[in-house]
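Everything on this sheet refers to the single structure shown next.
Any read-out appearing in this document is the output of simple, stated calculations on the displayed coordinates, not a laboratory observation. As the structure is a prediction and not an experimental result, all values here were calculated from the model. Reconstructed Cβ throughout: ideal geometry from the backbone, glycine too, with neighbour counts over all protein chains shown.
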There are 2 protein chains.
Amino acid sequence: MAQATGDGTVGKALDVLDQVASFGRPVRFSELLEASPYPKATLYRHLQALTHQGMLSFDPDRQAYALGIRLVRLAHAAWTQSSLAPVARPHLDALSQKVGETVHLAQLDHGQVLYVDKRNAARPIEMFSEAGKVGPAYCTGVGKAMMAFLDETALAEAVSQQSFHRFTPATLTDAVALHDDLRAIRARGYAFDREEHEPGIICVAMPILTGKGRVLGALSVTSSTARTSLDGLEALVPVIRPVAERIAAEAEDWRFPDEGSETRQRMTAGM
Amino acid sequence: MAQATGDGTVGKALDVLDQVASFGRPVRFSELLEASPYPKATLYRHLQALTHQGMLSFDPDRQAYALGIRLVRLAHAAWTQSSLAPVARPHLDALSQKVGETVHLAQLDHGQVLYVDKRNAARPIEMFSEAGKVGPAYCTGVGKAMMAFLDETALAEAVSQQSFHRFTPATLTDAVALHDDLRAIRARGYAFDREEHEPGIICVAMPILTGKGRVLGALSVTSSTARTSLDGLEALVPVIRPVAERIAAEAEDWRFPDEGSETRQRMTAGM
DNA sequence: AAACCAAGTTTCACATAATGGAACTCTCAG
DNA sequence: CTGAGAGTTCCATTATGTGAAACTTGGTTT
């Protein structure tokens with residue numbers, strides 16, 4: 001239901017791409033065929049096209065399709081040219097340093113939370129293996145912080161995409177409970193995760209909003225009930241809020257440093 | 001000439017995607033139109049479809065298109081399910097620790113070198129802003145190490161995609177010189193970068209090959225002429241080679257830990 | 001305020017390109 | 001050798017993408 005991809009051929013091809021992604025491992029043609037709404041020939045040609053384009057790679061030994069490295073290249077570009085993530089980087093460094101806790105930066109993607117950066121007080125960030133992860137929106141601080149400030153239609157769509165799986169006793173398991181919490185968040189200006197996703201894990205999350213109130217992303221500080229409490233985290237709000245505001249401001253008037261924009265040929269500095 | 005995208009509608013749409021990427025910043029419709037081979041309406045519909053699909057994002061304030069965050073999500077999946085990068089991770093850690101120099105892991109993508117991971121002896125890895133970068137193949141250690149072990153047709157294609165720009169006096173500036181070096185590399189089993197890309201920067205690079213001799217990627221240790229010499233780097237070969245072999249072996253019989261593969265809904269562990 | 005202009009969006013007849021059933025080819029197992 | 005399963009190609013049908021041109025919108029000039 002509500003499969004609703006629909007955007008012509010391109011949409012279908014990207015469907016196939018997602019399908020390959022959803023397996024989380026290289027897949028055989030027949031496995032895809034089984035799970036695909038498309039007939040053999042159609043699926044085949046889409047796989048061909050995507051492979052030819054480098055969006056998929058085909059491992060001839062294993063006879064299996066996997067996601068292609070062109071995606072990594074594109075994502076690098078996406079991350080770099082997104083106004084939010086690169087601008088936020090130094091601020092995340094400073095913030096995690098200051099509060100000594102794990103800091104996340106997230107954006108909303110099809111009703112899900114997508115983590116675009118992270119600072120783990122102790123260990124340094126773990127690259128692609130960490131950033132790029134997605135998680136549920138209805139039971140995470142960042143997710144709720146962002147949803148709370150969506151306009152009506154965007155919110156409705158986002159809510160409809162939530163699965164409301166109960167992870168812990170505190171998980172909000174229906175749209176009504178979620179809306180209540182969102183209302184409170186809107187009034188308060190920031191969100192909490194009260195062990196809603198994982199027992200013992202709590203966080204405060206602050207939305208990152210443009211001057212006009214559009215949601216750019218969210219910022220959170222995560223800790224555990226063993227180390228602190230919700231009150232303890234709330235005490236950090238005066239530290240977190242200005243960081244979020246700063247990031248928003250910088251992201252908004254981020255005028256691109258005029259790099260020579262050669263087509264598809266960005267040189268690296270250090271080999 | 002040799003624009004050769006060609007794969008039907010999907011290919012064209014991905015062209016557009018690349019075009020947006022090539023700007024390195026959010027772009028207006030008209031800017032794209034100017035640089036696009038496609039007529040207004042066609043370009044417009046492709047942008048619509050891609051945006052709708054989350055491959056592009058449209059910033060309503062700026063009225064500009066940028067790469068979408070869906071790419072980041074897909075790239076995360078690509079990185080995770082690629083057999084090379086995740087398998088290599090601990091080995092890179094160990095290697096950089098051991099040799100105390102910068103270590104790169106790269107793959108070949110359309111004749112260019114794509115860095116998929118990196119360890120910088122001193123500073124921790126710089127995430128998306130580093131991994132995902134592309135560089136020239138003909139004048140880097142990893143690039144030459146990989147090209148040297150391609151089969152004839154793949155090599156011909158890769159060579160044809162080199163730009164042979166002279167970065168330093170040592171840069172190989174034509175196909176003949178490159179072929180000579182590749183022959184030597186094939187004989188020797190590993191490649192050098194003799195300040196060919198950047199003055200003062202040298203490296204040794206080892207290809208990562210499957211049992212059948214297929215190129216999976218390459219591994220390099222980079223340093224500067226101030227700190228060491230080519231001989232000094234060559235002395236590390238006995239350390240590097242087994243690492244490359246180990247990674248190759250593990251990547252080859254990487255049988256995927258059977259995670260529950262829910263479609264498009266991978267849960268995160270720590271909020 | 002009216003006229004203008006540029007940027008973006010929609011329309012529509014047409015032609016290209018995607019579709020999918022079926023036939024074909026390969027490879028491997030019995 | 002025979003059969004089964006997986007993967008690839010064919011081809012008539014039809015859905016889709018195409019692009020010139022008309023239209024709408026928002027901002028600027030006279």
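Annotations for the structure displayed:
- Taking only alpha carbon atoms, the protein assembly as shown gives an Rg to Rh ratio of 0.97, where Rh is the Kirkwood radius.
- Ranked for footprinting exposure by Cβ neighbours inside 10 Å, fewest first, A:LEU43, B:LEU230, B:LEU216 give B:LEU230, A:LEU43, B:LEU216.
- Order of A:MET146, B:MET55 - criterion: other Cβ atoms within 10 Å of each residue's Cβ, fewest first: B:MET55, A:MET146
- Candidates B:VAL72, B:VAL221, B:VAL87, ranked by Gaussian network fluctuation over chain B, Cα under 10 Å, top entry: B:VAL72
- The overall shape of segment B:151-216, judged from the alpha-carbon gyration tensor, is oblate: a/c is not under 1.5, and a/b is no greater than b/c.
- Among the lysines of chain B, pairs that are 8 or more positions apart or on different chains and have alpha carbons within less than 26 Å of each other number 9.
- Magnitude of the charge dipole, segment B:82-252, Cβ model with Lys/Arg +1 and Asp/Glu -1, debye to 20: 320
- Only Lys, Arg (+1) and Asp, Glu (-1) charged, at Cβ; segment A:8-68 dipole about Cα centre in debye: 120
- Helix-only mean residue ellipticity at 222 nm for the protein assembly as shown, each DSSP H run of n ≥ 4 adding -39500 (n - 2.57), per residue, nearest 500: -13000 deg cm²/dmol
- Cα shape, chain B, gyration tensor, a/c 1.5 rule: prolate
- Residue exposure sequence - B:HIS165, A:HIS104, B:HIS76 - by fewest surrounding Cβ within 10 Å: B:HIS165, B:HIS76, A:HIS104
- For chain A, built as a Gaussian network whose Cα springs stay under 10 Å, the top-fluctuating residue of A:ALA49, A:ALA85, A:ALA218: A:ALA49
- Length released on extending from A:LYS40 to A:GLN63, taking residue separation times 0.36 nm less the Cα-Cα span: 6.6 nm
- In segment B:82-252, a dipole from Cβ-located charges (positive for Lys and Arg, negative for Asp and Glu) runs towards its positive end, and of B:HIS110, B:ALA248, B:TYR190 it is B:ALA248 whose Cα lies farthest in that direction.
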